[in-house]
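Asker: Before we start, here is the structure in question, set down as structure tokens.
The values are calculated or read from the model by the stated rules, or taken from the named source; none is laboratory data. Small disclaimer: the values here were computed from a predicted structure and weren't measured. Ideal geometry is used to build each Cβ from the backbone, glycine not excepted, and the neighbour counts take in all protein chains shown.
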Amino acid sequence: HSRYATAFATHGRPIPCITTAMGDEFGGDIPCGGFALMGGEAIGQVVVEALQGSRSPACLLQSHGVFAVGATAEKAVKAAVMTEDNAAIAWASLLLGEPLTIASSDIDKLYDRYQNVYGQ
């Protein structure tokens, strides 16, 4: 389990969108869903609920960690790695105080440009 993202998950806390990279890739905060035991369908249902209404290809599950999705395995792995990278940045930023946020209209522009124009 990734260290920094799991720390956010243990608090049931989303990872805030405080970097342009997060705006590009996730289109906002990385959501945190509720708790579910491993095995069975419950964990999948919690992941689906956490991602509903979000553009993020990843979410956290309370007291567990990161779940990432993608059209390909490569895209899902990229989302998982970027989740941990941005969780580490958010962690460090929170140690310094309350981080500045990016306006939702600017997040929309970042996301649209990265997903539809930038081409990575």
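Asker: Under the condition of being without any contact (Cβ under 8 Å) to a residue 40 or more places away in the chain and assigned to a strand (DSSP E or B), which residue from the stretch 56-68 is farthest from residue 21 (Cα to Cα)?
Answerer: As a first pass, look at the stretch 56-68 and keep what is without any contact (Cβ under 8 Å) to a residue 40 or more places away in the chain: 56-59, 67-68.
Next, from what is left, pick out any that are assigned to a strand (DSSP E or B): 58-59, 67-68.
Values: 58: 14, 59: 16, 67: 19, 68: 16 Å.
Only one residue fits best here, namely 67.
This table checks each residue for (1) outside any helix (DSSP H, G or I); (2) surrounded by 14 or more Cβ atoms within 10 Å (Cβ to Cβ); (3) modelled with pLDDT of 95 or more.
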residue: 28; (1), (2), (3): yes, yes, yes
residue: 54; (1), (2), (3): yes, yes, yes
residue: 84; (1), (2), (3): no, yes, yes
residue: 88; (1), (2), (3): no, yes, yes
residue: 94; (1), (2), (3): no, yes, yes
residue: 115; (1), (2), (3): no, yes, no
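Asker: Okay, moving on. Of the residues 109, 75, only one is closer than 15 Å to residue 19 by Cβ and of a type in the set (Lys, Arg); which?
Answerer: Details: 75 fails: closer than 15 Å to residue 19 by Cβ.
Exactly one of 109, 75 is closer than 15 Å to residue 19 by Cβ and of a type in the set (Lys, Arg), namely 109.
Asker: Can you spot a residue in the stretch 35-53 that is within 14 Å of the chain's Cα centre (by Cα), small (Gly, Ala, Ser) and more than 20 Å from residue 75 (Cα to Cα)?
Answerer: Taking every residue of the stretch 35-53 in turn, none turns out to be within 14 Å of the chain's Cα centre (by Cα), small (Gly, Ala, Ser) and more than 20 Å from residue 75 (Cα to Cα).
Asker: So residue 103 fits all but one of (1) farther than 19 Å from residue 7 by Cβ; (2) under 16 Å from the mean Cα position of the chain (by Cα); what number is the exception?
Answerer: Of the numbered conditions (1) farther than 19 Å from residue 7 by Cβ; (2) under 16 Å from the mean Cα position of the chain (by Cα), the odd one out for residue 103 is (2).
Asker: Residue 98 - would you say it is part of a loop (DSSP other than H, G, I, E, B) and either free of Cβ contacts under 8 Å to residues at least 24 places away in the same chain or within 18 Å of residue 6 (Cβ to Cβ) (or both)? Write out each step before concluding.
Answerer: On the way: part of a loop (DSSP other than H, G, I, E, B): yes; either free of Cβ contacts under 8 Å to residues at least 24 places away in the same chain or within 18 Å of residue 6 (Cβ to Cβ) (or both): yes.
So residue 98 passes the test.
Asker: Criterion first (without any contact (Cβ under 8 Å) to a residue 60 or more places away in the chain, part of a helix (DSSP H, G or I), more than 17 Å from residue 13 (Cα to Cα) and touching a strand residue (DSSP E or B) at 6+ places or on another chain (Cβ under 8 Å)) does residue 50 satisfy it?
Answerer: Working: without any contact (Cβ under 8 Å) to a residue 60 or more places away in the chain: yes; part of a helix (DSSP H, G or I): yes; more than 17 Å from residue 13 (Cα to Cα): no; touching a strand residue (DSSP E or B) at 6+ places or on another chain (Cβ under 8 Å): yes.
So residue 50 fails the test.
Asker: Look at the stretch 1-30 and say how many of its residues are among the small types (Gly, Ala, Ser) and either in contact with a Leu (Cβ under 7 Å, 6 or more places away or on another chain) or on the phi < 0 side of the Ramachandran plot (or both). Spell out how you get there, then give the answer.
Answerer: Initial filter on the stretch 1-30 (among the small types (Gly, Ala, Ser)): 2, 5, 7, 9, 12, 21, 23, 27-28.
If we keep only those that are either in contact with a Leu (Cβ under 7 Å, 6 or more places away or on another chain) or on the phi < 0 side of the Ramachandran plot (or both) too, we end up with 2, 5, 7, 9, 21, 23.
Residues in the stretch 1-30 being among the small types (Gly, Ala, Ser) and either in contact with a Leu (Cβ under 7 Å, 6 or more places away or on another chain) or on the phi < 0 side of the Ramachandran plot (or both): 6 in total.
Asker: Moving to a separate point now. Residues to consider are 71, 36; find the one that is outside any helix (DSSP H, G or I), without any contact (Cβ under 8 Å) to a residue 40 or more places away in the chain, exposed (fewer than 13 other Cβ atoms within 10 Å of the Cβ) and on the phi < 0 side of the Ramachandran plot.
Answerer: On the way: 36 fails: exposed (fewer than 13 other Cβ atoms within 10 Å of the Cβ).
Exactly one residue qualifies, and that residue is 71.
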